[in-house]
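The values are calculated or read from the model by the stated rules, or taken from the named source; none is laboratory data. It should be emphasised that the depicted structure is a prediction, and the values quoted were computed from it without experimental measurement. Here the Cβ positions follow ideal geometry from the backbone for every residue, glycine too, while neighbour counts run over all protein chains shown.
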Amino acid sequence: GLSQIGSESDWRNANTESFKSVFTAGNGYYLLYEDAQQKQENQLKAVRDFILQEVDYTILDPIVETGWDTVLMEAEDAGIPVILVDRQMVLENDELYTCWVGSNFREEGRTAGRWLEDYLKSQGRENEEIRMVTLQGTPESSAQIGRTSGFADVLSEHENWNMLDKRNGEFTQAKGQEVMGDFLKLYEDIDVVVSENDNMTFGAIEAIEQAGRSCGPGGDIIVISFDAVSEAAFTYMKEGRLHADMECNPFLAPMVDTIIKRLERNETVEKIQYVEERCFDAFMDLDAVMEERKY
Ligand code: AHR
């Protein structure tokens, strides 16, 4: 059984596709797929339904970090291993899940901060006051918590970086556009937009351009994003409308497949497994990157 969060972003759709293409009958699986439509209560119900249906494994991408202890105890009592993917949980007892596979969100946030540090230096702007806003993802999700706190680690080292505002853009394009529109009305001078996923970024770029402003190299606002979805994010960078993008790898299913095969052979699996990720920017040979990256 797979409890997916929803379909809020291109990243999420690529992640769902990854599971549906790996967990097929041809590969020896029967996948029960549940879309929670952004509601934790739907995920709790899905896990309970999987218990009733006596699945062999539950794969769970938790929308937020807390509120899972009881349902995981129920899965444990039923003898069903739970594999967490993408986002993490804060539990009283970490033994309640078998393992977790996903991104190091805090590191992604730090990489974004370091990228900005280097870029401002290259532009001779390292001592200027830099006014920024953040479009945040779903509150209390580990992607939001990690990216916000990782960027804050670097922000705290720069007295001249001024974070004017941080607001929830729900990881969606429509909300990203709306919130960016509000920021532009509220703050006359915005130098940097940190946007915690690509779809909010695409919406924010729309809002910036509709307001008669410009972004990307040569423009007046620096936009930094997360996900690096193919091809859209690369197209924005190639068009010079987006500065940099921190990769978040959606293709987690092959790793989960390997984990399940190991568990079937009674082998031990590593509790925490990070996927490899990179940082891309508009100054790279992005055609070469896309060719080599294949997604
Ligand atoms: O948890 C991963 C995040 O969730 C991705 O960055 C975002 O696009 C998605 O909706």
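Brief remarks on what is shown
- Test: residue in the stretch 22-36 that is at pLDDT 95 or above and closer than 15 Å to residue 142 by Cβ: no
- First in the stretch 161-173 and under 23 Å from residue 117 (Cα atoms), second anywhere and among the aliphatic types (A, V, I, L, M) and within 16 Å of the ligand (Cβ to nearest atom), Cβ under 7 Å, 6 or more apart: 167/135; 167/179
- Residues that are of a type in the set (Ser, Thr, Tyr) and under 21 Å from the mean Cα position of the chain (by Cα), drawn from the stretch 59-83: 66
- Qualifying residue in the stretch 129-144 (condition: in contact with a Cys (Cβ under 9 Å, 6 or more places away or on another chain), at pLDDT 95 or above and of a type outside the set (D, E, K, R)): yes
- For the stretch 1-46, residues that are in contact with a Ser or Thr (Cβ under 6 Å, 6 or more places away or on another chain) and either away from the ligand (no atom under 16 Å from the Cβ) or on the phi > 0 side of the Ramachandran plot (or both) total 3.
- Test: residue in the stretch 117-128 that is in a helix (DSSP H, G or I), closer than 20 Å to residue 233 by Cβ and away from the ligand (no atom under 16 Å from the Cβ): yes
- Residue match in the stretch 52-66 (condition: under 22 Å from residue 144 (Cα atoms) and of a type in the set (Phe, Trp, Tyr)): no
- Within the stretch 79-111, being away from the ligand (no atom under 12 Å from the Cβ) and in contact with a Gly (Cβ under 7 Å, 6 or more places away or on another chain) holds for 106, 107, 110.
- Residue in the stretch 260-295 that is farthest from the ligand (Cβ to nearest atom), counting only those that are basic (Lys, Arg) and at pLDDT 95 or above: 265
- Taken over the stretch 238-259, the criterion of being more than 16 Å from the ligand (Cβ to nearest atom), surrounded by fewer than 24 Cβ atoms within 10 Å (Cβ to Cβ) and of a type outside the set (Lys, Arg) is satisfied by 239, 240, 254, 257, 258, 259.
- Scan of the stretch 221-237 for residues that are within 16 Å of the ligand (Cβ to nearest atom), of a type in the set (A, V, I, L, M, F, W, C) and touching a residue at least 60 places away in the same chain (Cβ under 8 Å), ordered by number: 224, 226, 229, 232
- Test: residue in the stretch 84-98 that is surrounded by fewer than 17 Cβ atoms within 10 Å (Cβ to Cβ) and touching a residue at least 40 places away in the same chain (Cβ under 8 Å): yes
- Any hit, the stretch 202-221, residues being hydroxyl-bearing (Ser, Thr, Tyr) and within 19 Å of residue 151 (Cα to Cα): no
- Considering residues of the stretch 193-220 that are of a type in the set (A, V, I, L, M) and crowded, with 24+ Cβ neighbours inside 10 Å only, the residue nearest to the ligand (Cβ to nearest atom): 200
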